[in-house]
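Each remark here refers to the structure printed beneath this line.
The values are calculated or read from the model by the stated rules, or taken from the named source; none is laboratory data. Remember, it's a predicted structure, so these values are computed and weren't measured experimentally. No Cβ is skipped: glycine too gets one built from the backbone with ideal geometry, and neighbour counts run over all protein chains shown. Just the protein is used for accessible areas: all its heavy atoms, side chains included, with ligands, DNA and RNA removed. Shrake-Rupley method; radii C 1.70, N 1.55, O 1.52, S 1.80 Å.
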Amino acid sequence: MKKAQDMYIHLKGLKIYAFHGVFAQENKIGAEYTINIRLKTDFSQAAQTDKLENTINYGEVFDVIKSEMSIPSKLLEHVVYRIAERLFNEFLSVEEVHIELYKQNPPMGAECMHTGIEVTYFR
């Protein structure tokens with residue numbers, strides 16, 4: 001059998017309430033955030049063996065994201081950097097972390113569904 005070239009684990013549309021922002025109101029009231037994560041890893045052994053220990057447990061990935069999201073930051077850029085660092089440190093098989101982080105209803109004086117950032121980090 002041929003080896004797959006690219007393998008990704010996705011967590012899309014995660015909803016987390018958190019307290020990030022530059023303005024005092026954002027840190028007091030908080031907001032809902034939507035997070036999409038894509039992890040590049042080799043899970044070919046898990047595909048063959050059907051064993052969780054041969055891949056990345058997405059429940060554990062969510063625990064990392066939830067933990068980092070609970071730490072207030074001024075900038076979303078800082079939040080995603082911390083999330084990526086933790087994922088690389090806790091899951092050694094991760095080669096790449098792609099994160100999209102969106103703040104719902106941002107306080108900017110205009111009607112806007114969400115604002116956010118997107119970044120890809122490589123090991």
Among (1) assigned to a helix (DSSP H, G or I); (2) farther than 13 Å from ILE35 by Cα, where does GLU68 come up short? (2)
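To keep it simple, each residue is scored yes or no on (1) aromatic (Phe, Trp, Tyr); (2) free of Cβ contacts under 8 Å to residues at least 40 places away in the same chain; (3) surrounded by fewer than 16 Cβ atoms within 10 Å (Cβ to Cβ).
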residue: TYR8; (1), (2), (3): yes, yes, yes
residue: LEU14; (1), (2), (3): no, no, no
residue: LEU39; (1), (2), (3): no, no, no
residue: LEU76; (1), (2), (3): no, no, no
residue: ARG86; (1), (2), (3): no, yes, no
residue: PRO106; (1), (2), (3): no, no, no
residue: GLU111; (1), (2), (3): no, yes, yes
residue: THR120; (1), (2), (3): no, yes, yes
Looking for whichever is open to solvent by 90 Å² or more (accessible area, probe 1.4 Å), under 30 Å from ALA4 (Cβ atoms) and either acidic (Asp, Glu) or assigned to a helix (DSSP H, G or I) (or both) here; the options are GLN48, GLN25. Which one fits? GLN48
Of all residues in segment 51-74, how many are polar (S, T, N, Q), open to solvent by 40 Å² or more (accessible area, probe 1.4 Å) and either closer than 19 Å to LEU101 by Cα or touching a residue at least 24 places away in the same chain (Cβ under 8 Å) (or both)? 3
Could you tell me which numbered condition VAL119 fails, if it satisfies all but one of (1) over 14 Å from the mean Cα position of the chain (by Cα); (2) modelled with pLDDT of 95 or more; (3) under 19 Å from ILE9 (Cα atoms)? (1)
